[in-house]
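So the structure is just underneath, and the comments pick up after that.
The values are calculated or read from the model by the stated rules, or taken from the named source; none is laboratory data. Since the model is a prediction, treat every value here as computed from it, not as a measurement. Here the Cβ is made from the backbone with ideal geometry for all residues, glycine too, and neighbour counts use every protein chain on show. When the accessible area is computed, the model is the full protein with side chains, heavy atoms only, and any ligands, DNA or RNA have been set aside. Shrake-Rupley method; radii C 1.70, N 1.55, O 1.52, S 1.80 Å.
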Amino acid sequence: MTLSELSISPWLLRAFAFAWGAVWGSFVNVVIHRVPRDMSVVRPASHCPGCGKPIAAWDNVPIVSWLVLRGRARCCGARISPRYAIVEAAAGLIAVAVLETAVMPLPGETSVYHATTVFLADFGLAMGLLAAAFIDLEHMYLPDSITIGGTLLGIATPGLRGLTWLDAMLGAGVGFVGVWLPFVVGYKAIRGRAGMGMGDAKLTMLAGAWFGWPGVVFAVFAGALHATVAAFVVLLAKGKIEEPESVVRDREELQKAAEAGDEEAKTILQEDPLATAPGDGLMAARMPFGPFLCLAILEWMLAGAWIADRWLPWMAI
């Protein structure tokens with residue numbers, strides 16, 4: 001069956017895409033909470049963060065349940081972060097955006113199977129980026145399961161984006177080396193600490209695997225622009241840039257363990273750039289760069305051709 005033979009209203013497709021995205025956004029919330037804590041994303045089933053009781057299906061409807069319960073658990077009244085509804089809504093909107101930009105423009109003779117494959121690939125990448133952004137925002141940590149796993153998926157599916165395997169491999173190499181060499185190796189040699197984390201290098205590797213070297217260039221520069229604007233806003237609002245609370249807490253626990261003789265904790269403190277508190281001054285401040293890279297990669301995925309044609313003709317794809 002082709003798209004032209006599919007007699008479904010575009011608005012019905014959009015509604016289905018939003019619902020589909022919101023459901024998967026609920027799973028992304030599980031990933032955001034459990035992956036940094038080395039917990040299984042499959043078991044146990046969803047449970048209350050306050051008392052641990054299983055959450056009933058009718059209290060686990062994306063977006064709606066959080067609004068109906070006013071951000072509180074029915075069982076014990078524990079506060080449920082608005083992040084859950086925000087992620088679910090964002091996932092729904094992203095699914096509609098993927099439908100509009102990756103599927104709707106396809107020729108009518110395109111098979112439904114191919115269109116579905118394109119949608120699922122782009123949507124899967126977007127959900128990985130969404131999870132990575134929130135994890136890095138809270139923990140300043142980008143999981144290999146997302147960065148390396150996403151890179152392998154990008155290398156395996158270049159034909160869906162009009163690329164070759166050589167484009168994907170070259171893009172991945174440019175993405176990784178282009179960040180790792182100057183900002184991890186070079187910056188550390190000059191200033192004694194890495195300017196960016198290995199997770200950021202792996203994330204730009206993912207961008208290259210999916211979109212070739214133009215995607216890498218855009219991700220790095222657009223991500224830096226987004227981060228600069230965000231830093232300016234934070235400085236205006238708070239007067240300083242602070243590390244996430246979880247990073248400070250984890251460092252304190254590591255230091256206590258090291259003082260108690262834990263050799264593994266000592267090794268981590270020596271190797272992890274986040275193991276020492278940031279110095280004074282704006283130049284020494286730390287903020288996660290991953291969320292801004294994720295946003296830039298998502299922008300290129302949804303509007304890369306438009307951006308290149310109108311603003312960056314030398315990067316036209």
Inset, instruction - For segment 42-55, name all the residues that are within 10 Å of residue 75 (Cα to Cα) and either hydroxyl-bearing (Ser, Thr, Tyr) or assigned to a loop (DSSP other than H, G, I, E, B) (or both). - result: 48, 50, 51, 52, 53, 55
Inset, instruction - Would you check if there is a residue in segment 211-228 being over 22 Å from residue 125 (Cβ atoms) and at pLDDT 80 or above? - result: yes
Inset, instruction - Scan the helices (runs of 4 or more DSSP H) fully inside segment 61-175 and keep the ones with 3 or more residues being open to solvent by 70 Å² or more (accessible area, probe 1.4 Å). - result: 64-68, 112-139, 144-156
Inset, instruction - Identify, from the list 101, 117, 164, 151, the residue that is under 20 Å from residue 23 (Cα atoms) and out of contact with any Ser or Thr (no Cβ under 6 Å at 6 or more places or on another chain). - result: 117
Legend entry - Of residues in segment 11-40 being open to solvent by 50 Å² or more (accessible area, probe 1.4 Å) and either of a type in the set (Val, Ile, Thr) or assigned to a loop (DSSP other than H, G, I, E, B) (or both), the one nearest to residue 290 (Cα to Cα): 38
Inset, instruction - Considering each of 224, 265, 209, 237 in turn, give the residue that is crowded, with 22+ Cβ neighbours inside 10 Å and assigned to a helix (DSSP H, G or I). - result: 209
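Table: residues versus (1) closer than 25 Å to residue 241 by Cα; (2) modelled with pLDDT under 80; (3) in contact with a Cys (Cβ under 9 Å, 6 or more places away or on another chain).
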{"position": "260", "(1), (2), (3)": "no, no, no"}
{"position": "267", "(1), (2), (3)": "no, yes, no"}
{"position": "274", "(1), (2), (3)": "yes, yes, no"}
{"position": "277", "(1), (2), (3)": "yes, yes, no"}
{"position": "282", "(1), (2), (3)": "yes, yes, no"}
{"position": "286", "(1), (2), (3)": "yes, yes, no"}
Legend entry - Single residue of segment 79-108 satisfying the filter (among the charged types (D, E, K, R) and under 19 Å from the mean Cα position of the chain (by Cα)) that is nearest to residue 26 (Cα to Cα): 88
